[in-house]
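Each remark here refers to the structure printed beneath this line.
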Amino acid sequence: MSAWESSLRDAGSNVDWKEKLPALVGTFSSWSENIRPLALKVSKGQRLSLDDGLLLYSHPNLSEVGRLSNCIRTARFDFNAFFNSNVHVNQTNVCVLACKFCAFRRSKRATDAYSLDIEAYLDDLAQYADVVDEVHSVGGLHPDWDVDHYESLFTESKKRFPHIAIKALTAVEIKHISQLSNISFTETLSRLKKAGLDSLPGGGAEILDDDVRAIICNGKESSSEYLEIHRCAHELGIPTNCTMLFGTIETLEQRLMHMIQLRELNDETHGFQCFVPYPFLPDDSRLPEAQLATGSEILRTIAISRLMLDSIPHIKAYRMNIGDELAELALQYGADDIDGTVQKESIMHLAGSTTPLDHDRIRLARLISDAGCVPVQRNTTYEQFKVFIPPVPKQRKKLKMANL
Ligand code: SF4
């Protein structure tokens with residue numbers, strides 16, 4: 001089993017990936033005529049524009065968009081596809097906001113509202129502590145939990161589970177905690193880092209357009225605040241992810257401008273390691289005007305993310321949201337990461353996800369191998385990697401083919 005290390009900034013990417021592109025893109029006559037100028041740009045490692053992104057959204061041949069995105073994915077990571085061993089512990093569903101798309105939040109008085117105190121949180125985590133090396137914790141904006149609460153939570157978690165990296169708190173949670181504590185974003189993040197916070201997830205970006213935000217998540221952090229909080233984290237040496245919730249009310253231009261803002265921030269800070277585009281899941285939530293993304297649109301958006309986001313190393317196919325089958329296919333459409341084992345998760349499942357939560361490393365690695373990729377287990381911050389070849393199943397079911 002081979003293992004290797006990388007820097008936070010490269011996050012496991014081949015450092016000379018742009019040099020590999022001409023050979024991977026190949027001859028231009030093998031591409032449809034209208035996409036050739038983009039193939040030329042990709043082969044030269046040039047950045048795609050908003051108009052290029054729109055052309056990719058309207059290109060009739062989806063598999064060709066996937067093929068072009070896979071040139072970059074392969075240049076960066078060869079055939080490796082990444083996963084980790086993690087668990088999601090959502091610390092509270094109590095939230096002072098009521099984003100329209102959210103099926104998770106509850107008011108404090110709701111009968112199914114919950115808030116895990118520190119002991120309950122640690123007890124939850126203890127059930128998985130032997131098999132995970134990351135806890136992903138996001139939750140509602142609790143009216144009483146300020147920075148002191150989270151400092152204690154992270155300090156106690158690290159005392160009890162020093163081997164578990166803490167990836168926690170979305171930008172809006174950081175904003176809420178800093179407001180409750182009357183301190184700046186930087187001071188909030190700095191104190192939490194000292195207490196044990198290792199990285200930030202990317203949630204809460206939705207679409208970085210304040211007109212869209214006013215409708216789907218009124219009261220949440222503004223687009224510029226989202227970017228500012230991630231900038232502060234990067235400046236403190238805290239790596240972060242970034243996300244995009246698509247398929248609500250946004251236009252294609254707004255999706256692409258969302259990506260452009262993220263890549264421009266990362267040109268300066270180099271702290272985004274992974275972009276996670278995921279579609280709105282309609283069940284049980286409150287956004288009837290949502291446009292809802294089809295399977296093809298999800299794959300296309302993942303592929304376009306890879307093509308537009310040249311400054312962000314990883315593109316994740318978030319299996320908790322899009323399901324294992326589409327996540328597996330997305331590995332041929334520019335994605336290189338399918339998240340982790342995720343033993344427990346509430347937010348996507350309350351919104352309608354049916355993705356299984358009982359996958360161990362072997363099942364996840366098989367899923368990656370079946371997609372034609374090499375399964376690589378990574379740590380939270382994409383600095384340590386180990387190839388994980390799953391054992392061959394004792395018996396493969398012989399599927400009846402049409403000619404039998
Ligand atoms: S998305 Fe987050 S901030 Fe918005 S209502 Fe849900 S839990 Fe609260």
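The values are calculated or read from the model by the stated rules, or taken from the named source; none is laboratory data. Here the structure is a predicted model, which is why all the values come from computation and not from measurement. Neighbour counts are summed over all protein chains in view; Cβ atoms, including those assigned to glycine, are modelled from backbone coordinates with ideal geometry.
Restricting attention to segment 150-183, and to residues there that are touching a residue at least 24 places away in the same chain (Cβ under 8 Å) and polar (S, T, N, Q), which single residue is farthest from the ligand (Cβ to nearest atom)?
T155
Test each condition in (1) more than 30 Å from G372 (Cβ to Cβ); (2) assigned to a loop (DSSP other than H, G, I, E, B); (3) touching an Asp or Glu at 6+ places or on another chain (Cβ under 9 Å) for V131 and report the one that comes out false.
Only one criterion in (1) more than 30 Å from G372 (Cβ to Cβ); (2) assigned to a loop (DSSP other than H, G, I, E, B); (3) touching an Asp or Glu at 6+ places or on another chain (Cβ under 9 Å) is unmet by V131, namely (1).
So A103 ticks every box in (1) exposed (fewer than 14 other Cβ atoms within 10 Å of the Cβ); (2) within 13 Å of the ligand (Cβ to nearest atom); (3) not aromatic (F, W, Y) but one. Which box is left unticked?
All conditions are met except number (1).
Which count do you get for residues in segment 57-66 that are in contact (Cβ under 8 Å) with a residue 12 or more places away in the chain and over 20 Å from D336 (Cα atoms)?
3
Go through segment 199-218 and give me each residue that's in a loop (DSSP other than H, G, I, E, B) and under 22 Å from S137 (Cβ atoms).
Of everything in segment 199-218, those that are in a loop (DSSP other than H, G, I, E, B) and under 22 Å from S137 (Cβ atoms) turn out to be P201, G202, G203, G204, A205, E206, C217.
Considering only segment 75-100, how many residues are touching a residue at least 60 places away in the same chain (Cβ under 8 Å), surrounded by 18 or more Cβ atoms within 10 Å (Cβ to Cβ) and within 16 Å of the ligand (Cβ to nearest atom)?
6
Out of all the residues in segment 278-299, is one or more at pLDDT 95 or above, out of contact with any strand residue (DSSP E or B) (no Cβ under 9 Å at 6 or more places or on another chain) and at negative phi?
Taking every residue of segment 278-299 in turn, at least one turns out to be at pLDDT 95 or above, out of contact with any strand residue (DSSP E or B) (no Cβ under 9 Å at 6 or more places or on another chain) and at negative phi.
So how many residues does segment 376-404 have that are at pLDDT 95 or above and either touching a Cys at 6+ places or on another chain (Cβ under 9 Å) or not polar (S, T, N, Q) (or both)?
The qualifying residues number 7.
Does any residue of segment 116-129 turn out to be at negative phi, more than 12 Å from the ligand (Cβ to nearest atom), in contact with a Leu (Cβ under 6 Å, 6 or more places away or on another chain) and not acidic (D, E)?
yes
Here is a yes/no grid of residues against (1) touching a Leu at 6+ places or on another chain (Cβ under 6 Å); (2) touching a residue at least 12 places away in the same chain (Cβ under 8 Å); (3) of a type in the set (K, R):
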{"site": "K220", "(1), (2), (3)": "no, yes, yes"}
{"site": "L227", "(1), (2), (3)": "yes, yes, no"}
{"site": "I260", "(1), (2), (3)": "no, yes, no"}
{"site": "N266", "(1), (2), (3)": "no, yes, no"}
{"site": "V276", "(1), (2), (3)": "no, yes, no"}
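Which one of these does S311 not meet: (1) within 23 Å of N80 (Cβ to Cβ); (2) part of a helix (DSSP H, G or I)?
Result: S311 fails condition (2) only.
Being in a helix (DSSP H, G or I) and of a type in the set (D, E) is the filter; apply it to segment 159-198 and report the residue that is surrounded by the fewest Cβ atoms within 10 Å (Cβ to Cβ).
E187
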